[in-house]
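Read the structure below first, then the notes.
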Amino acid sequence: MRSLIAITFAVAVFVPVLSAAPVSGETVYRQRCAACHDSGNPRVPPRDELKKLSVTRILRAMDFGLMNNIATKLRQEEREAVAAYLGIAGDTGLPPASAYCKDRSVKLTSGGKAEWNGWSPAPTNTRY
């Protein structure tokens, strides 16, 4: 009896995983996204503009951004497939090196403890 339960459990867990077909980003886009993004509405970015964004940025918009209300109806693998279908692969979504200061070293003056610039004029750190 125990072996029958174990076999039934194993089949119930592993068969759906093995039989699941990969999700097509193009198919999900046509079914769920194209009605708005291919409509020509000036308030909705068209597909050509979405294809200029990184996969990470599209996925972030679906998970946490403006598209969250719509994308919550999609499974995570469907969101990832749509983002991969639309976006530019390989972009990490991090700011480019040109966005940072060239000299990133911090230079502090070495002052004594009596030169602390706090709200107290006395080294005892009292207000009055």
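The values are calculated or read from the model by the stated rules, or taken from the named source; none is laboratory data. Remember, it's a predicted structure, so these values are computed and weren't measured experimentally. Don't worry about glycine lacking a Cβ; one is built from the backbone with ideal geometry, like all the others, and counts go over all protein chains shown. Heavy atoms of the whole protein, side chains included, go into the accessibility calculation; ligands, DNA and RNA do not. Shrake-Rupley method; radii C 1.70, N 1.55, O 1.52, S 1.80 Å.
Among the residues of segment 56-75, how many are open to solvent by 50 Å² or more (accessible area, probe 1.4 Å) and either among the charged types (D, E, K, R) or closer than 16 Å to Ala89 by Cβ (or both)?
Selection size over segment 56-75: 4.
Regarding segment 92-112, can at least one residue be identified that is under 28 Å from Ala21 (Cα atoms) and modelled with pLDDT under 95? Walk me through how you get there before you give the answer.
Going through segment 92-112, the residues under 28 Å from Ala21 (Cα atoms) turn out to be 92.
Subset that is modelled with pLDDT under 95: 92.
Yes: one or more hits.
Can you list residue pairs whose Cβ atoms sit under 6 Å apart, with the first residue in segment 31-55 being open to solvent by less than 60 Å² (accessible area, probe 1.4 Å) and the second being in a loop (DSSP other than H, G, I, E, B) and of a type in the set (Asp, Glu)? Count only pairs 6 or more apart in sequence or on different chains.
Qualifying pairs under 6 Å: Ser54/Asp91.
Can you tell me how many residues in segment 73-91 are acidic (Asp, Glu) and modelled with pLDDT under 90?
From segment 73-91, those acidic (Asp, Glu) are 77-78, 80, 91; that's our starting set.
In the following step, the residues that additionally are modelled with pLDDT under 90 were identified as 91.
Of the residues in that region, 1 qualify.
How many of the residues in segment 63-82 are within 13 Å of the chain's Cα centre (by Cα) and either basic (Lys, Arg) or over 21 Å from Arg43 (Cβ atoms) (or both)? Break it down stepwise before answering.
Let us first name the residues in segment 63-82 that are within 13 Å of the chain's Cα centre (by Cα), namely 63-68, 71, 76, 79-80.
This time we only want the ones that are either basic (Lys, Arg) or over 21 Å from Arg43 (Cβ atoms) (or both), so: 63, 76, 79-80.
Residues flagged as within 13 Å of the chain's Cα centre (by Cα) and either basic (Lys, Arg) or over 21 Å from Arg43 (Cβ atoms) (or both) within segment 63-82 amount to 4.
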